[in-house]
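Novice: Mind having a look at this structure? Questions to follow.
The values are calculated or read from the model by the stated rules, or taken from the named source; none is laboratory data. If you're wondering where the values come from, they're calculated on a predicted model, not measured in any experiment. Cβ: placed from backbone, ideal geometry, glycine included. Neighbour counts: every protein chain shown.
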Amino acid sequence: MSKYYISASILSANLANLGQDVQNVINAGADMIHFDVMDNNYVPNLTFGPVVCESLIKYGIMSPVDVHLMVEPVDDLIVKFAEAGASFISIHPEATKHLDRSLQLIRNKGCKAGLAFNPSTPLTCLKYVIDKIDMILIMSVNPGFANQEFIPSVLSKIKEAGDIITKSGRKILLEVDGGIKEHNIKKASVAGADTFVIGSGIFKTDNYKETIKNIRSNLE
Ligand code: DX5
Ligand code: ZN
């Protein structure tokens, strides 16, 4: 793997000064902004909608926005986030009645499509939609909250997803989300992940640049 991507999860950012904090993490070396959308229905928490995504882009954030929809249903918000400037939109298979249609909608709206799997959700549906996705997002915590413990059994699932990608011959990012810190990122990369969502592991540290530098050196 020639390149690893760091997607900084703004759930742990300074929300009272979001634009500047996001710019700081980009300046410190993050590749993307991970934007966790929670609806107090699919997950027991509530976060931000498309207007916040649009505001960040208007503020001047140029890096790709990696939207993770933890909402049910998904289709209306897919359209709104695409219009708000999202680059990636990931959805959970349980959250839509017609997965194939929702994935097509993401692509038709000009975004890259991601499929997100909770720790106990099997990867079976990938067999049928692999040609319609650009990213597989493996949750390494149960969705809904920042700063939870990484679930180690997910490592074998990352490997399983990596094998499915290799077999498909397609260019699909393998993203891991939840509990990733400097000390365990290497395990996730050895298992096959190339894209790492990191929230508290960056935003709750004093020096983002130093943290991202350490993270990258641990990946080598
Ligand atoms: C959890 C979210 C994650 C979260 C990760 O539901 O999907 O993206 O922000 O936060 P950390 O890195 O603190 O575990
Ligand atoms: Zn997320």
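Novice: When you scan the stretch 138-149, do you find a residue that is of a type outside the set (Phe, Trp, Tyr), under 14 Å from the mean Cα position of the chain (by Cα) and outside any loop (DSSP other than H, G, I, E, B), even just one?
Specialist: yes
Novice: Pick out the one residue from Ala8, Ala16 that is closer than 20 Å to Val197 by Cβ and either surrounded by fewer than 20 Cβ atoms within 10 Å (Cβ to Cβ) or of a type in the set (Gly, Ala, Ser) (or both).
Specialist: None of the other options fit; the residue is Ala8.
Novice: When Phe150 is evaluated against the numbered criteria (1) under 19 Å from Ser90 (Cα atoms); (2) within 14 Å of ligand 2 (Cβ to nearest atom), which criterion, by number, is the only one it fails?
Specialist: Single failed check for Phe150: (1).
Novice: List pairs: first residue in the stretch 101-124 and under 17 Å from Phe35 (Cα atoms) and buried (at least 16 other Cβ atoms within 10 Å of the Cβ), second residue acidic (Asp, Glu) and at pLDDT 95 or above anywhere in the structure, Cβ distance under 6 angstrom, at least six positions apart or on different chains.
Specialist: Lys112/Asp134; Ala113/Asp134
Novice: Search the stretch 143-154 for residues being over 16 Å from Leu69 (Cβ atoms) and not aromatic (Phe, Trp, Tyr), and hand back the single one that is farthest from ligand 1 (Cβ to nearest atom).
Specialist: Filtering the stretch 143-154 for residues that are over 16 Å from Leu69 (Cβ atoms) and not aromatic (Phe, Trp, Tyr), the one farthest from ligand 1 (Cβ to nearest atom) comes out as Ser153.
Novice: Specify which of the listed residues (Lys167, Lys186) is farther than 15 Å from Ile215 by Cβ and either within 16 Å of ligand 2 (Cβ to nearest atom) or surrounded by fewer than 20 Cβ atoms within 10 Å (Cβ to Cβ) (or both).
Specialist: Exactly one of Lys167, Lys186 is farther than 15 Å from Ile215 by Cβ and either within 16 Å of ligand 2 (Cβ to nearest atom) or surrounded by fewer than 20 Cβ atoms within 10 Å (Cβ to Cβ) (or both), namely Lys167.
Novice: Moving on to the next point. Return the only residue of Val141, Val129, Val176 being surrounded by 14 or more Cβ atoms within 10 Å (Cβ to Cβ), aliphatic (A, V, I, L, M), in contact with a Pro (Cβ under 8 Å, 6 or more places away or on another chain) and touching a residue at least 24 places away in the same chain (Cβ under 8 Å). First the steps, then the outcome.
Specialist: Numbers: Val129 fails: in contact with a Pro (Cβ under 8 Å, 6 or more places away or on another chain); Val176 fails: in contact with a Pro (Cβ under 8 Å, 6 or more places away or on another chain).
Every option except Val141 fails the conditions.
Novice: Please verify whether the stretch 104-112 includes one or more residues that are under 17 Å from Tyr42 (Cβ atoms) and assigned to a strand (DSSP E or B).
Specialist: Looking for residues that are under 17 Å from Tyr42 (Cβ atoms) and assigned to a strand (DSSP E or B), one finds none in the stretch 104-112, hence no.
Novice: Let me ask another. I'm trying to understand the selection: among the residues of the stretch 54-76, which are away from ligand 1 (no atom under 15 Å from the Cβ) and either out of contact with any Ser or Thr (no Cβ under 9 Å at 6 or more places or on another chain) or aromatic (Phe, Trp, Tyr) (or both)?
Specialist: Those that are away from ligand 1 (no atom under 15 Å from the Cβ) and either out of contact with any Ser or Thr (no Cβ under 9 Å at 6 or more places or on another chain) or aromatic (Phe, Trp, Tyr) (or both): Glu54, Ser55, Leu56, Ile57, Lys58, Tyr59, Gly60, Ile61, Met62, Asp76.
Novice: Still on this model: Taking only the stretch 155-198 into account, find how many residues are within 16 Å of the chain's Cα centre (by Cα), hydrophobic (A, V, I, L, M, F, W, C) and away from ligand 1 (no atom under 16 Å from the Cβ).
Specialist: Residues meeting the conditions: 2.
Novice: Against the condition more than 17 Å from the chain's Cα centre (by Cα), in contact (Cβ under 8 Å) with a residue 24 or more places away in the chain and surrounded by fewer than 20 Cβ atoms within 10 Å (Cβ to Cβ), how does Ser55 come out, does it pass? First the steps, then the outcome.
Specialist: On the way: more than 17 Å from the chain's Cα centre (by Cα): yes; in contact (Cβ under 8 Å) with a residue 24 or more places away in the chain: yes; surrounded by fewer than 20 Cβ atoms within 10 Å (Cβ to Cβ): yes.
Against the criterion (more than 17 Å from the chain's Cα centre (by Cα), in contact (Cβ under 8 Å) with a residue 24 or more places away in the chain and surrounded by fewer than 20 Cβ atoms within 10 Å (Cβ to Cβ)), Ser55 qualifies.
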